[in-house]
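*Asks:* Mind having a look at this structure? Questions to follow.
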2 protein chains.
Amino acid sequence: MPLRSRLCLELPDWIEAHLPAGPLPDVEQRMKLVLELAAGNIDHETGGPFAAAVFDSAHRLVAAGVNLVTRSRCSSAHAEIVALSLAEQACNDYRLPRGHELVISAEPCAMCLGAIPWSGVDGIVTSATDADIRAIGFDEGSKPENWAAALERRGIRVRRNLLRQQGRAVLERYRARGGEIYNGHALSDGG
Amino acid sequence: MPLRSRLCLELPDWIEAHLPAGPLPDVEQRMKLVLELAAGNIDHETGGPFAAAVFDSAHRLVAAGVNLVTRSRCSSAHAEIVALSLAEQACNDYRLPRGHELVISAEPCAMCLGAIPWSGVDGIVTSATDADIRAIGFDEGSKPENWAAALERRGIRVRRNLLRQQGRAVLERYRARGGEIYNGHALSDGG
């Protein structure tokens with residue numbers, strides 16, 4: 001009974017043209033790059049309207065990720081999981097070195113929220129909110145109340161709502177284009 | 001600036017020898033297989049003491065997963081994520097068909113808990129408990145209170161504590177052998 005034993009996820013080629021030549025010292029620059037990748041994922045029809053990137057303590061890009069759920073037939077291939085995993089493999093360690101930061105186009109779902117402490121990142125920065133994501137039809141899962149405070153208690157800095165209008169506009173563009181909503185068991189499925 | 005664009009995770013070869021020839025109609029058989037894989041991951045030193053498997057509605061094995069965090073330098077390569085992703089790719093859909101079940105050697109961490117609804121599985125079965133996992137030093141993250149009830153509200157059946165003694169014994173064997181504890185930002189890291 002031969003079972004599948006190899007899982008491969010690959011970023012789309014169009015990303016390469018967006019990668020910065022050097023460090024991005026300003027956090028708004030870093031978020032702009034991430035929002036550009038999220039918009040690119042819509043325009044190129046390579047997945048959901050989400051992107052993420054990991055930067056080191058010198059603000060150099062270590063890894064980028066976009067949502068690959070539909071393209072890769074893989075429900076866990078969220079931008080954050082992709083970016084964190086690629087960053088860890090680039091650093092050759094399952095725990096990122098000190099001072100790494102995860103920049104995300106929208107607040108993390110329950111899965112990605114749980115992935116953040118495992119990765120060793122020291123801070124996260126988000127743009128669109130959980131409510132913005134739910135407004136276009138995605139189910140973000142059951143998150144603990146005050147999830148940001150829970151991350152802070154673990155020593156992970158949280159900065160929210162950076163360029164939120166632009167972040168929300170990316171999500172709205174996905175909805176306007178009729179982008180696929182790939183929920184699994186959303187709350188409405190239950191009793 | 002060439003960035004890593006490909007993420008590949010691969011199950012260790014030793015798993016193949018454990019795969020069943022046909023369906024496993026009894027849930028205890030299914031859990032025994034999963035606990036055998038978790039124990040195998042310790043004996044072969046291929047990762048943390050955790051395994052998972054996805055079965056279809058006829059109780060045929062669709063995909064197996066073991067923890068690959070240390071081996072793959074990837075903090076999200078938990079057994080559940082690996083098994084669900086491989087199952088989805090085997091079914092060629094990011095949402096598993098109706099009637100699929102995830103059997104896990106121990107209760108899910110916050111990340112894997114969040115991954116379960118996205119996958120479309122209709123039920124989960126677990127052995128060792130969250131407390132058993134924490135007792136050997138792993139940080140399971142911030143989970144919502146009554147996480148099992150939250151899954152049930154989404155239409156996902158939850159059966160816990162199946163063969164728990166055996167499940168706990170696997171974890172204790174890992175600790176006794178001095179297995180690596182790969183926490184990222186655990187609670188003790190915070191203020």
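*Asks:* Work out, step by step, the length gained on full extension between A:L187 and A:D93: first 0.36 nm times the residue separation, then minus their alpha carbon distance; give nm to one decimal. Display every interim value, and only then the final one.
*Replies:* Values: separation 94, 0.36 × 94 = 33.84 nm, distance 3.62 nm.
Gain on extension, A:L187 to A:D93, equals 30.2 nm.
*Asks:* Further question: What number comes out for accessible area per residue over region A:22-175 if the probe is 1.4 Å? Units Å², please.
*Replies:* Working: 4970 Å² over 154 residues.
In whole numbers, region A:22-175 has 32 Å² accessible per residue.
*Asks:* Moving on. Which net charge results for the neighbourhood of B:E101, defined as the other residues with beta-carbon distances under 12 angstrom from its beta-carbon, given Lys and Arg at +1 and Asp and Glu at -1? Kindly include the intermediate steps, with their values, before the conclusion.
*Replies:* Details: positive: B:R30, B:R60, B:R98, B:R157, B:R159; negative: B:D56, B:D122.
Here the count lands on +3.
*Asks:* List the distances, in nm and shortest first, from the label point of A:E180 to the matching label points in every other copy, placing each point 7 Å from Cα along the Cα-to-Cβ direction.
*Replies:* Distances to the matching label points in the other copies: 3.5 nm.
*Asks:* Further, regarding this structure: When only the heavy atoms of the protein chains count and the probe is 1.4 Å, how do A:K32, B:K143 rank by accessible area, highest first? Working shown, then result.
*Replies:* Values: A:K32 115, B:K143 35 Å².
Listed by decreasing accessible area, they come as A:K32, B:K143.
*Asks:* Can you pull the accessible area of B:E16 for me, 1.4 Å probe, Å² to the nearest 10?
*Replies:* For B:E16, solvent-accessible area is about 140 Å².
*Asks:* Quickly estimate the mean residue ellipticity at 222 nm for the protein assembly as shown, helices only: each DSSP H run with n ≥ 4 gives -39500 (n - 2.57), and the total goes over all residues, rounded to 500.
*Replies:* For the protein assembly as shown, the value works out to -11000 deg cm²/dmol.
*Asks:* Buried accessible area for the B:A pair, summed, 1.4 Å probe, in Å² rounded to 100?
*Replies:* Working: alone 10360 and 10370 Å², together 14450 Å².
Chain pair B/A: roughly 6300 Å² of buried accessible area.
*Asks:* To the nearest µm²/s, what D does Stokes-Einstein give for region B:22-175 at 20 °C and 1.002 mPa s, using the Kirkwood radius over alpha carbon pairs as Rh?
*Replies:* Details: Rh = 15.1 Å.
In µm²/s, the coefficient is 142.
*Asks:* Where the accessible area of chain B is counted over protein heavy atoms with a 1.4 Å probe, how much of it, in %, is carbon and sulfur? Could the numbers behind the result be given before it?
*Replies:* Details: 3280 of 7230 Å².
Ligands and nucleic acids excluded, carbon and sulfur reach 45 percent.
*Asks:* Calculate the all-directions average of the projected area of region B:90-169's alpha-carbon convex hull, and give it in nm².
*Replies:* 5.6
*Asks:* With the contact rule set at Cα under 8 Å and sequence spacing of 6 or more, what percent relative contact order holds for chain A?
*Replies:* Details: 339 pairs, mean separation 34.4, N = 191.
Rounded, it is 18 percent for chain A.
*Asks:* Still on this structure: How many nm is it between the label spots at B:A21 and B:H44, if each spot is 7 Å from the Cα in line with the beta carbon?
*Replies:* For the pair B:A21/B:H44, the computed spacing is 2.1 nm.
*Asks:* Hey, what do the phi angles of region A:39-54 turn into as Karplus ³J(HN,Hα) couplings, whole Hz, using 6.51/-1.76/1.60 and θ = phi - 60°, x for Gly and Pro?
*Replies:* With coefficients 6.51, -1.76 and 1.60, one gets 5, x, 5, 6, 4, 8, 6, 10, x, x, x, 9, 9, 8, 8, 10 Hz.
*Asks:* Under a plain spin-label model, where a point goes 7 Å from the Cα along Cα-to-Cβ, how far apart in nm are A:R177 and A:A149?
*Replies:* The modelled label-to-label distance comes out at 3.9 nm.
*Asks:* Right, another one. With +1 on the Cβ of every Lys and Arg and -1 on the Cβ of every Asp and Glu, and nothing else charged, how large is the dipole of chain B about its Cα centre, in debye rounded to the nearest 20?
*Replies:* Roughly 220 debye for chain B.
*Asks:* For peptide B:133-144, compute the average count of partner chain beta-carbon atoms within 10 Å of each residue's beta-carbon.
*Replies:* Working: counts 0, 0, 0, 0, 0, 1, 3, 2, 9, 13, 5, 7.
The per-residue average across the peptide is 3.
*Asks:* At 7 Å along Cα-to-Cβ for each site, give me the label-to-label distance between B:R6 and B:S57 in nm.
*Replies:* 3.8
*Asks:* Let me know the volume per residue of the alpha-carbon convex hull for the protein assembly as shown, in Å³. Walk me through the numbers before you get to the answer.
*Replies:* On the way: hull volume 46.6 nm³, N = 382.
About 122 Å³ per residue, rounded to a whole number.
*Asks:* For A:I136, what charge total do you get from the other residues with a beta carbon under 10 Å from its beta carbon, if Lys and Arg give +1 and Asp and Glu give -1? Intermediate values should be presented prior to the final figure.
*Replies:* On the way: positive: A:R134, A:R168, A:R173, A:R175; negative: A:D132, A:E172.
It works out to a net charge of +2.
*Asks:* Using a 10 Å cut-off on Cβ to Cβ distances, tally the other chain neighbours for every residue of A:104-113 and report the average as a whole number. Don't skip to the answer; put the middle values down first.
*Replies:* On the way: counts 0, 0, 0, 0, 1, 4, 12, 12, 4, 5.
Average per residue, whole number: 4.
*Asks:* A further question follows. Restricting to Cα pairs below 8 Å that are 6+ residues apart, what does the relative contact order work out to for region A:23-83? Please round to a whole percent. Write down the numbers at each step before the final one.
*Replies:* Working: 108 pairs, mean separation 17.3, N = 61.
For region A:23-83, the relative contact order is 28 percent.
*Asks:* If amide hydrogens are placed 1.01 Å from N in the peptide plane, which non-local residues have theirs closer than 5 Å to the one on A:R159?
*Replies:* Hits under the 5 Å cutoff: A:I124, A:V125, A:T126.
*Asks:* Now, a different point. Report, as an integer, the average count of C-beta atoms from other chains found within 10 Å of each Cβ along B:149-160. Please report the intermediate quantities before stating the final value.
*Replies:* Numbers: counts 1, 5, 3, 2, 6, 11, 7, 4, 0, 0, 0, 0.
Average per residue, whole number: 3.
*Asks:* On to the next question. Run the 1.4 Å probe and let me know the accessible area of B:D43, rounded to the nearest 10 Å².
*Replies:* Accessible area, nearest 10 Å²: 80 Å².
*Asks:* Quick one: 3J(HN,Hα) in Hz for region B:147-161, Karplus 6.51/-1.76/1.60 with θ = phi - 60°, rounded, Gly and Pro as x.
*Replies:* After applying 6.51 cos²θ - 1.76 cosθ + 1.60, I find 4, 5, 4, 5, 5, 4, 5, 8, x, 9, 5, 10, 10, 10, 6 Hz.
The values are calculated or read from the model by the stated rules, or taken from the named source; none is laboratory data. Everything numeric here is computed off the predicted structure, so don't read it as measured data. Note that each Cβ is placed from the backbone with ideal geometry, even for glycine, and that neighbours are counted across all protein chains shown. These area figures cover heavy atoms from the full protein model, side chains too; ligands, DNA and RNA do not enter into them. Shrake-Rupley method; radii C 1.70, N 1.55, O 1.52, S 1.80 Å.
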